[in-house]
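The values are calculated or read from the model by the stated rules, or taken from the named source; none is laboratory data. Small disclaimer: the values here were computed from a predicted structure and weren't measured. Here Cβ is always computed from backbone atoms with ideal geometry, including for glycine, and neighbour counts include all displayed protein chains.
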Amino acid sequence: MFYPNLPDIVQIAQWFFLWYFIALNGTYVLLTAIALAVLPRYIRKQTIHKLPGSQSGFEPPISLVVTAYNEEAVIVPTVKALLQLGYPEYEILVVNDGSKDETLNVLTRGFDLVEIPMAFRKRIEHKPVRAVLQSKKFPNLRVIDKENGGCKADASNAGINGARYGLFMPLDADTILNRDCLTLMVQPFLLNPDMVGVGGNVRILNGCSVENGYLTKVALPKTWLGLFQVLEYNRAFLTSRVGWNFLNSLPLISGAFGLFRKEAVIAVGGYSHKSLGEDMDLVLRLHRHFRLSKLPYRVSFVADPVCWTEAPETFSILRKQRVRWQRGLFDCLWENRKLLMHPKSGGVGWLAFPFLLFLEGISPLIEVVGLVFFVFCYAFGLINPQGAAAFLLLAFGTGFLLSIASLLIEELSFQTYPRKGDIWTMIVGSIAENFGYRQLNSFWRLEGTIRWILRTESSWGTMTRNASWSTSEPTKESAGG
């Protein structure tokens with residue numbers, strides 16, 4: 001691939017980028033192979049739990065904590081969907097985090113809310129609560145109205161303090177859950193008394209249809225940007241999460257969809273205000289607390305319960321999201337650095353943590369620098385054309401094969417997208433994303449890395465939601481203010 005007798009520094013750089021590429025993609029291939037072997041067999045065993053009346057009668061009650069900031073366009077259809085879940089006992093606790101729009105008024109009108117005198121024990125810190133409201137239509141629906149805390153973590157902590165039950169599920173305000181998801185999510189807690197957290201599968205809602213809280217149509221997004229995110233989520237949830245879970249080294253439960261034991265989360269101080277990646281930080285702190293204290297526990301992932309969430313479909317919002325995710329990753333790794341190769345940290349500290357730090361964490365820097373270096377070497381004749389073509393084919397081919405493998409797992413396990421043309425659309429997307437989209441993501445993530453290093457001012461930012469998937473009556477009302 002390379003010309004001989006090149007300067008030593010060029011030779012060293014070329015071999016460094018090559019071995020880095022092998023290590024990063026080799027890990028992805030390993031996780032994908034594990035998922036391909038494990039997930040379809042697991043889904044076949046789970047068939048019985050999807051049958052009507054599959055509840056055992058031992059399901060513990062669950063508190064659904066929905067955090068909302070300026071979510072007037074989506075909050076009502078979201079709550080309506082949650083009210084229709086098939087589970088014996090649960091409550092919905094909406095935390096209005098000082099919204100400046102009509103979020104609270106829309107909720108009040110849509111669910112006939114009235115203020116009630118209620119105090120709860122403040123076991124973890126958050127901004128003051130202004131009022132607690134109860135729905136007169138639905139006894140299991142309450143709303144906490146609080147001062148804005150500047151981050152999702154603060155609203156989540158208020159919800160945890162106000163939750164009545166021992167298991168809680170933090171949710172975003174644009175979340176739509178499959179009706180059987182609580183039954184499926186709670187199973188690991190029934191099977192293992194040491195379970196402290198379970199993550200579920202997250203899918204893209206863009207392109208789908210929701211009527212009066214029901215997911216009535218599953219479809220792919222209508223934009224390339226949305227389609228590329230479908231492929232990303234497939235790889236993340238159907239390969240990486242399954243693989244790390246099999247290795248008992250799961251480093252992350254998505255903030256959009258997880259189920260936690262309340263007392264375990266309170267024991268580690270709730271959600272952190274210091275990190276933009278509060279969901280990963282919580283899971284890593286749970287690992288750190290239980291492993292370093294030699295306490296029995298388990299953090300797990302199950303792929304069959306599904307949460308649907310709206311993804312950004314503009315470059316500006318997607319860029320802010322990816323910059324925030326990258327900054328959050330380094331926040332989490334820094335705050336939980338004691339886990340790195342600690343004698344007691346197990347697979348989390350010896351497998352997942354090094355991968356996140358030395359491979360995935362710094363991958364944007366290596367990829368961008370490597371791309372510039374590759375172009376430089378080719379322009380000055382330091383790489384022969386045959387070698388350059390072979391390396392590009394290998395790089396793009398590996399990305400394409402990882403996407404195709406995740407699509408194969410999807411088809412073997414779920415067959416989520418019903419139209420015959422959907423699979424071909426995703427195959428075309430798996431090719432197209434390698435030409436511009438992945439490189440753009442690397443630049444955004446590099447920006448996040450630089451911002452973290454420079455410690456520039458950070459915030460969650462605003463996620464503008466268009467709620468194009470919803471055709472329910474209350475959404476039109478909220479859109480009109």
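Scanning region 203-236 for residues that are charged (D, E, K, R), within 19 Å of the chain's Cα centre (by Cα) and farther than 16 Å from residue 256 by Cβ gives a single hit, 235. When region 130-185 is filtered for residues that are among the hydroxyl-bearing types (Ser, Thr, Tyr) and either assigned to a helix (DSSP H, G or I) or under 17 Å from residue 265 (Cβ atoms) (or both), the ones remaining, listed by number, are 156, 165, 183.
State yes or no: is residue 276 of a type in the set (A, V, I, L, M), modelled with pLDDT under 95 and closer than 22 Å to residue 403 by Cβ?
No.
Of all residue pairs spaced 6 or more apart or on separate chains, those with beta-carbon atoms under 6 Å, a first member in region 360-374 that is crowded, with 18+ Cβ neighbours inside 10 Å and a second member that is in a helix (DSSP H, G or I) and basic (Lys, Arg) are 364/445. Here residue 403 passes the criteria (1) polar (S, T, N, Q); (2) closer than 30 Å to residue 277 by Cα; (3) not in a helix (DSSP H, G or I) except the one numbered (3).
The residues of region 40-51 that are modelled with pLDDT under 75, farther than 25 Å from residue 262 by Cβ and not basic (Lys, Arg), listed by number, are 46, 47, 48, 51. Taking into account only those residues within region 152-189 that are hydrophobic (A, V, I, L, M, F, W, C) and in contact with an Asp or Glu (Cβ under 7 Å, 6 or more places away or on another chain), which is surrounded by the fewest Cβ atoms within 10 Å (Cβ to Cβ)? Selected residue: 184.
Residue check: is residue 295 among the aliphatic types (A, V, I, L, M) and either crowded, with 24+ Cβ neighbours inside 10 Å or more than 17 Å from residue 197 (Cα to Cα) (or both)? Taking the combined requirement at face value, the residue does not satisfy it.
Yes/no per residue for (1) modelled with pLDDT of 90 or more; (2) farther than 30 Å from residue 133 by Cβ:
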site	(1), (2)
53	no, yes
56	no, yes
59	no, no
106	yes, no
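So, residue 237, is that one closer than 28 Å to residue 208 by Cβ, surrounded by fewer than 17 Cβ atoms within 10 Å (Cβ to Cβ) and out of contact with any Lys or Arg (no Cβ under 7 Å at 6 or more places or on another chain) or not? The answer is no for residue 237. For region 217-224, check the following and say yes or no: at least one residue is in a strand (DSSP E or B), over 17 Å from residue 433 (Cβ atoms), in contact (Cβ under 8 Å) with a residue 12 or more places away in the chain and of a type in the set (Lys, Arg). No: zero hits. Restricting attention to region 252-283 and to residues that are hydrophobic (A, V, I, L, M, F, W, C) and in a helix (DSSP H, G or I), the residue that is nearest to the chain's Cα centre (by Cα) turns out to be 280. For region 238-251, indicate whether the set of residues that are in a loop (DSSP other than H, G, I, E, B) and touching a strand residue (DSSP E or B) at 6+ places or on another chain (Cβ under 6 Å) is non-empty. Yes, some residue in region 238-251 is in a loop (DSSP other than H, G, I, E, B) and touching a strand residue (DSSP E or B) at 6+ places or on another chain (Cβ under 6 Å). In this entry, residue 263 passes the filter for residues that are within 18 Å of residue 155 (Cα to Cα), surrounded by fewer than 20 Cβ atoms within 10 Å (Cβ to Cβ) and touching a residue at least 12 places away in the same chain (Cβ under 8 Å).
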